1. At a threshold of 8 angstrom on Cα-Cα distance, excluding pairs fewer than six apart, so keeping six or more, what relative contact order does the chain reach in percent?
2. Where a ≥ b ≥ c are the square roots of the eigenvalues of the C-alpha gyration tensor, would you call the stretch 3-254 rounded, which needs a/c under 1.5, or, failing that, prolate if a/b is larger than b/c, or oblate?
3. When ranked by the protection proxy of mean other Cβ atoms within 10 Å per residue, highest first, what sequence do the peptides 115-126, 233-244 form?
4. Let's see if you can work this out: charge +1 on each Lys and Arg Cβ, -1 on each Asp and Glu Cβ, no other charges. What is the dipole magnitude of the stretch 152-200 about its Cα centre, in debye to the nearest 20?
5. Using a Förster distance of 41 Å, how high is the FRET efficiency between residue 217 and residue 51, based on the Cβ-Cβ distance and rounded to 0.05?
6. Compute the separation of the alpha-carbon centres of the stretch 60-131 and the stretch 217-243 and state it in Å as a whole number.
7. Once amide H atoms are built 1.01 Å from N in the peptide plane, which residues 5 or more positions from residue 92, or in another chain, come under 5 Å H to H?
8. Rounded, prolate or oblate: which one fits the stretch 1-128, using the alpha carbon gyration tensor with axes a ≥ b ≥ c (rounded when a/c is under 1.5, else prolate when a/b beats b/c, else oblate)?
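The values are calculated or read from the model by the stated rules, or taken from the named source; none is laboratory data. None of the values given here were measured: they were computed from a predicted structure. Cβ atoms come from the backbone with ideal geometry, glycine included; neighbour counts cover every protein chain shown. We work out accessible area using only protein heavy atoms, side chains counted, and drop any ligands, DNA or RNA first. Shrake-Rupley method; radii C 1.70, N 1.55, O 1.52, S 1.80 Å.
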Amino acid sequence: MPLLAANWKMNPTNEDDALDLVRGVLGVARGHADRVEVVIIPPFPWLLGVSEVLDQSGVKLGAQDCFWEMSGPFTGEVSPAMLKDLCQWVIVGHSERRLYLGETDEMVAKKTAAALSSELGVIMCVGELADHYDAGTSDEVVSAQVKAGLARCSADDSARLVIAYEPVWAIGSGRNADPEHAYKTMRLIRRIVGEMIGAGAARKVRILYGGSVKASNVQQYVELPLCDGVLVGGASLDAEEFAAIVKVTAEVYGHR
Ligand code: PGA
């Protein structure tokens with residue numbers, strides 16, 4: 001099933017607005033839950049409240065990050081063991097964490113393995129910077145991130161593994177990637193995943209596009225043969241806009 005993830009990032013700043021937002025998308029998301037796996041990914045403090053709204057709806061919940069150890073002296077961190085009863089999914093290696101928090105490929109690999117071992121699904125983010133894109137080295141950069149990030153994964157993890165291809169220059173910029181570029185990179189990712197965990201298992205790994213996705217451009221991505229959904233940031237903060245993205249996605253995959 002395609003996956004449509006709403007990454008709220010560090011928004012909204014109060015719980016009432018968070019609950020209003022999730023209530024605003026719930027009807028449409030629940031109505032299409034048999035065709036699209038919708039995952040709402042709020043900041044940590046709103047996870048519990050949002051989980052109560054989503055209860056029994058078929059709409060899933062995710063966290064934006066986790067640590068690689070399950071407990072211990074790691075001030076400020078949240079472990080997969082703490083999340084597993086609350087969430088079904090966790091984002092790992094988002095480019096904003098790589099950029100502002102110095103998250104490395106090695107850390108991404110450790111977090112991915114820890115989250116999978118706690119039965120969470122992992123949305124692992126990869127993507128090149130504008131400089132790489134301009135220099136024509138996107139393939140090398142993305143390949144290296146995928147290889148490093150999956151270093152501790154096996155074929156058994158495939159059904160709970162999602163790789164989001166998010167060119168960093170496309171995130172929050174309004175400059176969404178050309179579908180042809182997205183397609184070629186997703187094809188490369190699928191091939192590398194196959195080399196790492198076997199081609200059969202790699203077919204179960206879902207590959208998403210992310211970066212300035214909105215209702216008016218989502219169709220061109222979800223129509224791509226290798227694309228299993230999208231990761232939406234800014235546009236997921238507007239209930240109407242996100243609901244429209246859910247509808248387009250369900251419509252396209254309903255016809256596949
Ligand atoms: P954006 O963010 O949709 O605002 O570009 C996507 C993301 O960072 O996941």
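1. Relative contact order comes out at 20 percent.
2. Numbers: a/c = 1.42, a/b = 1.10, b/c = 1.29.
Verdict is rounded for the stretch 3-254.
3. Working: 115-126: 22.9, 233-244: 18.6.
In descending order of packing, they fall as 115-126, 233-244.
4. Numbers: 7 positive and 6 negative charges, 9 e Å.
Once rounded to the nearest 20, the dipole reads 40 debye.
5. Plugging the Cβ-Cβ distance into 1/(1 + (r/R0)^6) gives 0.85.
6. Each part reduced to its Cα centre gives a spacing of 22 Å.
7. HN-HN under 5 Å from residue 92: 123, 124, 125.
8. Values: a/c = 1.68, a/b = 1.55, b/c = 1.08.
Prolate.
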